[in-house]
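> I'd like to ask you about the structure that follows.
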Amino acid sequence: MTAALQATALGKRYGHTWALRDCTLTLPDGRVAALVGPNGAGKTTLLQLAVGLTAPTCGHITIFGLAPHAHPKEVLPRIGFVAQEQPLYRGFTVAEMLTVGRKLNHPWDNAVAEERLARLGIPLGRRIGQLSGGQRSQVALALALAKRPQLLVLDEPAAALDPLARRAFLQTLMEAAAESGVTVLFSSHVIADLERVCDYLIILSASQVQLVGDIDTIVQGHKLLVGPPPRSRRARPPAPGDPRAPQRAANASPGAHHRPHL
């Protein structure tokens, strides 16, 4: 079976800086994968390479066996992409955004988007700028799913949402994945969110892949060791003659007290 995503020695350099380097990984079809890493690890760069927004400096990346940047007409209709910025036209109504999506994408299933938005109580006549952050995220997801993609790529789409809105967004995402069987590649810095929805893990750090695999297998192969905290050492009093020892006034005798001048 062809992998949903395959990267081999993949690298992307901007000037003298490597945003991603020597990236080799496989994302099996039908998985919900978490892409995890600190800021600057290369997560967004990897996703941009996956959807063909930029070309690799070295190495190869394929989506269902085809390079996205070299074969955009064949690859892009199979990908749904939700960017972190959610580039929606704030002056458009939700219905007008669906019209834009229908005219720019083929294939397109408008009924999928309308049914999903109706289930969430988002009016088609409402302008994008009048929606809450959580509702805008749901509209962006509905637009991506209306393409009937085989691979859904999400670049921290819920990063700016409050916990309740994030949970609702992830619930909608999981329902869509269960209904359609779409492969999902989801980047986020909120680990608790990823634990609820993902069954495959990709860890990036320092622009390189550190760990890839099934989450259950990774958990079984790793242990967390917890020990007692280190004992604090008591400071010993300085020995006589040590320069750190407190010095008495030359004229003072033990037990003498200086009376302030009035």
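Please treat every number below as a calculation from the coordinates, not as lab data. Quick caveat: nothing in here was measured; it's all calculated off a predicted structure. Glycine also receives a Cβ, built like all others from the backbone with ideal geometry; neighbour counts cover every protein chain displayed.
> What is the local net charge at ARG90, summed over the other residues whose Cβ is closer than 14 Å to its Cβ (Lys, Arg +1; Asp, Glu -1)?
Result for the local shell: +1.
> Shape of the range 104-187 from its Cα gyration tensor (a ≥ b ≥ c, root eigenvalues): rounded if a/c is under 1.5, otherwise prolate when a/b > b/c, or oblate?
Oblate shape, in that a/c is at least 1.5 and b/c is the bigger or equal ratio.
> Local charge sum around ALA34 (other residues, Cβ-Cβ under 15 Å, Lys/Arg +1, Asp/Glu -1)?
-3
> What list of ³J(HN,Hα) values in whole Hz, one per residue of the range 166-179 in order, does the Karplus curve 6.51 cos²θ - 1.76 cosθ + 1.60 (θ = phi - 60°) give from phi, with Gly and Pro shown as x?
With coefficients 6.51, -1.76 and 1.60, one gets 4, 5, 5, 5, 5, 4, 5, 4, 5, 4, 5, 5, 5, 6 Hz.
> Could you give the dipole magnitude of the chain about its Cα centre, charging the beta-carbon of Lys and Arg +1 and that of Asp and Glu -1, in debye to the nearest 20?
1280
> Once you list every other residue whose beta carbon is under 15 Å from the beta carbon of MET174, what net charge do they have if Lys and Arg are +1 and Asp and Glu are -1?
Details: positive: ARG31, ARG116, ARG119, ARG166, ARG167, ARG196; negative: GLU175, GLU179, ASP193, GLU195, ASP199.
Net local charge, MET174 excluded: +1.
> Ok, one more. Helix-only estimate, please: 222 nm mean residue ellipticity of the chain, summing -39500 (n - 2.57) across DSSP H runs of length 4 or more and dividing by its residues, to the nearest 500.
That comes out to -8500 deg cm²/dmol.
> ³J(HN,Hα) across the range 105-117 via Karplus (A = 6.51, B = -1.76, C = 1.60, θ = phi - 60°), whole Hz, x for Gly/Pro?
Coupling constants for the range 105-117: 10, 9, x, 8, 10, 5, 5, 4, 5, 5, 5, 5, 5 Hz.
> Let me ask another. What do you get for the angle between helix 94-104 and the principal long axis of the chain? Use alpha-carbon atoms, 0 to 90 degrees, nearest ten.
Between the helix axis and the principal axis of the chain, the angle is about 70 degrees.
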